Each structure stands twice: as C-alpha cells, then as structure tokens.
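Student: If you scroll down you'll find the structure; I have some questions about it.
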Amino acid sequence: MKDAFDKVEDKSKKDLNLIKSIPAMLSFLSDLDDDEVLMWLDQARKIKKRRTPKFPPINGDFYDTREYLNADEKLVLDSVRRFMIEEIEPIATEYWMKGEFPFQIIEKMKRLNIMGLTYNKNLGGQERSNLLEGMVGEEIARIDVSICTFFGVHAGLAMNSVYHCGSPEQIEEFIPPMIAMEKIGAFGLTEPEVGSAASMGLTTTCKREGDTWTINGEKKWIGNATFADIIIIWAKDEDDHQVKGFIVDRNTNGLETEKIEDKMSLRIVQNAIIRMKNVKVSEERRLQRANSFKDTARVLKMTRAGVAWQAVGCARGAYEHTLDYTMKRRQFDRPIAGFQMTQDLLSQMLSQLTAMQCMVARLSSLQDQGSMSDEQASLAKVFCTVGCRTITSMSRELMGANGILISNKVARFLGDAEALYSYEGTKQINSLVVGRAITGLSAFV
Ligand SMILES: Cc1cc2nc3c(=O)[nH]c(=O)nc-3n(C[C@H](O)[C@H](O)[C@H](O)COP(=O)(O)OP(=O)(O)OC[C@H]3O[C@@H](n4cnc5c(N)ncnc54)[C@H](O)[C@@H]3O)c2cc1C
C-alpha cells in the first residue's frame, strides 16, 4: 500500500513540476520567430513518432511462397501452424532444457493427420504434393526443430524406407499404422565409427540361415530409437557384402538402446546408441527392394530435401523472433530496429531466408514432377543449412546478451542449426555430391 502511495506522490510531484515550468516555456516560445517555432514543433512531432512507432506485421515469407499452395493445402498449413503455436511453443523450451520428449503430443499429432501426406490414399495417405509436405516441415521447424526431426525421422526416413524399399505386403502391413502413428519408426544407418562413409562399409553385419537373419553390430545417433516400435536397421550381408535393410521390432531379444544425453542441439530428440547381439529377424522383415546401398541412398535423397525445408523453418523462426525483439528492445531511447546497422543485418537475414525458400519451393516442384536429382537435393541441403547457421547466428548477435538465453528461443534455434548442418550428410559430403555432378570428377576418397 505504501508503495502505491509513493508512486502516486511521485507522479503528482512530476505533474506539479511540469505545470510550474509552463510560464518559462511560454516566455521562451514568445521570444522565437515563426520559423523557429515551426522547427521546435517539427522536432517534438519527430520525438513523439520515434517513441510510439507503428510496426508492420512480421512476415518471414517475404516472396509469398505460400501462394504456390491451393486453398485446401493452405488449410492444412494453417492447422499445423495452430497446433505448433498452441501445443508446442508453450512447452518447447522446457522440454529442450530437460532433454525429454513430450509424449503427450503424440495423441494430438495423430489428429493433425500429417504423416504420409504424399502417400496413396488406399494406404491412409492423402496423395498431396511434396511442396505441401515441405511447407509443413517449415511450419513445424519454425517453432521447434526437434519436433520437426521427430516428424522427419518417422514420416521421412523410416516410412520412406518401407514405402520405397519394401514389398507390397510390407507396405500394406506397416505403412497404414505408421501413418496413423500407431507404430512409430526410427532409422538406423550411422555407427559409432562409420558416419559419412556409410556407403563405403558398414560394420554391422547380417547373415542368412534358412529364413532367419542374424544381425550383429552397433548404431549411433538413431533418432526416436529409445521409444520407437520399429527400427529400420541397415547392415552388410556377410555373404554378398551388399547393404540390406530390416524392419526390426525395438523389443527384439539382443537389441538394446542407450539414450545419448549430453547434446547441445535438438535436445528433445531422443537419439540413441543401439547395440545388437545376435538379433534374429525373419526374411519376411527384410526390405525386399533394398539390395544395395544405392537403395538406402534413394531414401536419403528424399529426406535431404526435407532437411533443407527444416533449415528454412529454423531460420525463419529465428528471423521472425529477432525482428519482433528488435522492435521491442529500446536503446538510446529508440527501438534497436531503427538503427541502420540493425536493418542491414535484418535485410541480410531476410535475403538469405528468401533465397532458401525459393530454392526449396522449386526443389519440391521438381520432386513433384518426379525429376529431382541427388545433386539438386544435396545442393539445397548445403545452401539451406549453411544459410540457417548464418541467420541463427545473426539473430543471436542482434539480441545481444539476451540472445544466449535458451528462454529467448533464438539460442535453441542456434544450437539446433548445428545438427541440421551435420545430419543426413554433412555440408562437405553433400558438396562432394554436387561437385561430382558438375565436374564429372569424383572427389570422394
Ligand atoms: C542430432 C542428430 C540426429 C541424427 N539422427 C540420425 C538417425 O536417426 N539415423 C542415422 O542413421 N543417423 C543419424 N545421425 C547421424 C548423422 O547422419 C551423421 O552424424 C552424419 O552422417 C555425419 O557423420 P559423423 O557425425 O560420424 O561425422 P564424420 O563422418 O566423422 O565426419 C566428421 C567431419 O569430417 C568431414 N568429412 C568426412 N568425410 C569427408 C570427406 N570425404 N571429405 C571431406 N570431409 C569429410 C565431415 O564433413 C565432418 O565435418 C544423426 C546425427 C545427429 C547429430
């Protein structure tokens, strides 16, 4: 109560001082000629305008790429945006800090119905465009990249492995429950000692005896692996030395997962080490159309395009949040958005982001026409993840010290950009894919 009285008293004192200064102000003004009075009025108006600026709405889709979608597709995108703002944004920081996955969202995500958007309707899919699927990824990553990675691992890596490398019977058995999210998938390719060089030689082995395969080895970094129902395991056949894929139940005897705890990126994603000792899998569960690493690469090509979209979403989330911050944060008695050097950084961020959006939109159109090449997907993955790193670091810079606080979102985007840069083929590996295509010379060692 006393505080309240003190505040009223302070305000009254200020008002009284203002009233007392009026005669002096009037006498000062009466000594001025007309031009001088007009100049003072102009200054006063400028100060008022500076103090109460009207900011335009924030829009990280400057060239309106959303306009490529039809009205029905826009409704899908709107429902994803609503879901992300209402269900994920309020909890993202907390779960990122804890390094836990918010399992309660799975039931809500089921209702969103966004798994297998491009798949055939008879399997529960929607036969929609890759462009829409890409924009859905952008929309998810714009709020949280970990949730987008969960989506990318399940609906991209795992489902695409079955859809593109499985037999019709395997597709019919596994795709509908995966679209309905009754079965969650993971994708196990990388190993503790084999990352970029997965095409050269996996050390996880598989051996067939009769209709049973035995798998031995270790995998590392496998997203969703601690809780997935099925894990696609890629292993080298001891007999023909080709890479084969298997649909393995997580609870199979001999298979153990251990969560990787100390990440500084995508902390919500449950990445794990998988240890397999004499894991038995029936021939029925071997992906029937995966006969060599070339087939694994077919899956990776599609998901690389998806990672490029994730990078766009991550960069967009950082840009939009930073723009908002610069409008609200005041220094030297004005919003920092009004400084020339701030605007230079903001326009650099926007130009990079816009170039990325236009590139992935075209990439998805090529995918929809069925003509997207490996190197086109790789180029977009490189360009967008490099751009995402640049934009998130500029965001951090513009937010000053507050930019290092996880609670201010941008630090989360900054950390998450690092994983995007490295997974599904690092920047260097994807650049080598592009280099090989444009020079005709392979620089892979
Ligand atoms: C958060 C996260 C999630 C992941 N999820 C999955 C998953 O679900 N499933 C899965 O199978 N994997 C997953 N990965 C693994 C990911 O695909 C690998 O990290 C990636 O392929 C790179 O392998 P590496 O980390 O072993 O790096 P390395 O291959 O050891 O590379 C280290 C460095 O050397 C460079 N380098 C390597 N070879 C060359 C070369 N020939 N020329 C020039 N430079 C080279 C690389 O570019 C990199 O800079 C995930 C990784 C992360 C970080």
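FYI, it's all coordinate maths here, none of it is from the lab. In this text, all values refer to a predicted model and were calculated from it rather than measured experimentally. Neighbour counts run over all protein chains shown; Cβ positions are idealised from the backbone, glycine included.
Student: Provide Rg over Rh for the stretch 61-183; use the alpha carbon set for both Rg and the Kirkwood Rh (inverse mean inverse pair distance).
Tutor: Working: Rg = 14.8 Å, Rh = 15.2 Å.
So for the stretch 61-183, dividing Rg by the Kirkwood Rh gives 0.98.
Student: For the stretch 356-445, which chymotrypsin sites (Phe, Trp or Tyr not before Pro) are in a loop by DSSP, counting at most 14 other Cβ atoms within 10 Å?
Tutor: Values: sites: Phe383, Phe413, Tyr421, Tyr423, Phe444; in loops: Tyr423, Phe444.
Those that pass, being in a loop and sparsely packed, are Phe444.
Student: With each pseudo-label sitting 7 Å past Cα toward Cβ, what's the Glu258-Gln43 distance in nm, one decimal?
Tutor: For the pair Glu258/Gln43, the computed spacing is 7.1 nm.
Student: Calculate the all-directions average of the projected area of the chain's alpha-carbon convex hull, and give it in nm². Walk me through the numbers before you get to the answer.
Tutor: Numbers: hull surface 117.5 nm².
Averaged projected area of the chain's Cα convex hull equals 29.4 nm².
Student: Another question, if that's okay. Sort 321-327, 275-281 for me by packing, meaning the mean count of neighbouring Cβ atoms within 10 Å per residue, highest on top. Provide the component values of the computation, followed by the final result.
Tutor: Numbers: 321-327: 20.3, 275-281: 17.7.
Packing order, densest peptide first, comes out as 321-327, 275-281.
Student: Follow-up. With n ≥ 4 as the cut-off for DSSP H runs, can you work out [θ] at 222 nm for the chain, using -39500 (n - 2.57) per run divided by the number of residues, rounded to the nearest 500?
Tutor: Details: 14 runs with 235 residues, N = 445.
Rounded to the nearest 500, the figure is -17500 deg cm²/dmol.
Student: Would you mind estimating how fast the stretch 269-374 diffuses translationally, via Stokes-Einstein at 37 °C and 0.692 mPa s with the Kirkwood radius over Cα pairs, in µm²/s? List each step's numbers first, then the result.
Tutor: Numbers: Rh = 18.1 Å.
Rounded, D is 181 µm²/s.
Student: State the extension gain, in nm to one decimal, for the chain segment bounded by Asn251 and Leu26, taking 0.36 nm per residue of separation less the distance between their alpha-carbons. Before the final figure, lay out each step's value.
Tutor: On the way: separation 225, 0.36 × 225 = 81.00 nm, distance 8.57 nm.
So the extension gain works out to 72.4 nm.
Student: Normalised by the number of residues in the stretch 237-305, what is the relative contact order in percent for Cα pairs under 8 Å and 6+ residues apart? It would help to have the intermediate numbers written out before the result.
Tutor: Details: 61 pairs, mean separation 28.0, N = 69.
41 percent.
Student: On to the next question. Name the GluC sites (Glu not before Pro) in the stretch 108-156 that are in a loop by DSSP and that have at most 15 other C-beta atoms within 10 Å, would you? Please report the intermediate quantities before stating the final value.
Tutor: Working: sites: Glu127, Glu133, Glu138, Glu139; in loops: Glu127.
Taking the stretch 108-156 and a limit of 15 other Cβ atoms within 10 Å, the loop GluC sites (Glu not before Pro) found are Glu127.
Student: Give the calculated FRET efficiency between Ile91 and Arg66 to the nearest 0.05, with a Förster radius of 35 Å applied to their Cβ-Cβ distance.
Tutor: Values: r = 26 Å, r/R0 = 0.75.
FRET efficiency, Ile91 to Arg66: 0.85.
Student: Relative contact order of the stretch 294-438: what whole-number percent is it, with Cα pairs under 8 angstrom and at least 6 residues apart?
Tutor: Rounded, it is 35 percent for the stretch 294-438.
Student: How many times 2.2 N^0.38 Å is the alpha carbon radius of gyration of the stretch 186-285?
Tutor: Against the compact-globule rule of thumb, the ratio is 1.04.
Student: On alpha carbon coordinates alone, what is the Rg over Rh value for the stretch 82-131, Rh being the Kirkwood radius?
Tutor: On the way: Rg = 14.0 Å, Rh = 12.6 Å.
With Rg and the Kirkwood Rh in hand, the quotient comes to 1.11.
Student: How much length is gained on full extension from Ala355 to Glu107, taking 0.36 nm per residue of separation minus their Cα-Cα distance?
Tutor: Details: separation 248, 0.36 × 248 = 89.28 nm, distance 3.57 nm.
Extra length from Ala355 to Glu107 when fully extended: 85.7 nm.
Student: To continue, here is another question. Mind pulling the angle between the C-alpha long axis of helix 168-179 and the longest principal axis of the chain? Nearest 10 degrees, somewhere in 0 to 90.
Tutor: It works out to around 30 degrees.
Student: Around Ala225, which amide H atoms from residues at least 5 apart in sequence, or from another chain, sit under 5 Å from its own amide H, with H modelled in the peptide plane?
Tutor: Ala272
Student: Hey, which lysines would be in cross-link range of Lys121, C-alpha to C-alpha under 25 Å, not counting anything within fewer than 8 residues on its own chain?
Tutor: Filter leaves Lys74, Lys108, Lys110, Lys183, Lys301.
Student: Here is a further query. Which FRET efficiency value, to the nearest 0.05, do you get for Lys121 and Arg329 by plugging their Cβ-Cβ distance into 1/(1 + (r/R0)^6) with R0 = 56 Å? Walk me through the numbers before you get to the answer.
Tutor: Details: r = 49 Å, r/R0 = 0.88.
That gives a FRET efficiency of 0.70.
Student: Under 19 Å Cα-Cα from Lys220, which lysines qualify once same-chain neighbours fewer than 8 residues away are excluded?
Tutor: Within the straight-line cut-off, Lys220 pairs with Lys236, Lys244, Lys259, Lys263, Lys277.
Student: Another question, if that's okay. Measure nothing but the geometry: give the 0 to 90° angle between the long axis through the Cα atoms of 130-143 and the longest principal axis through the Cα atoms of the chain, rounded to 10°.
Tutor: 50
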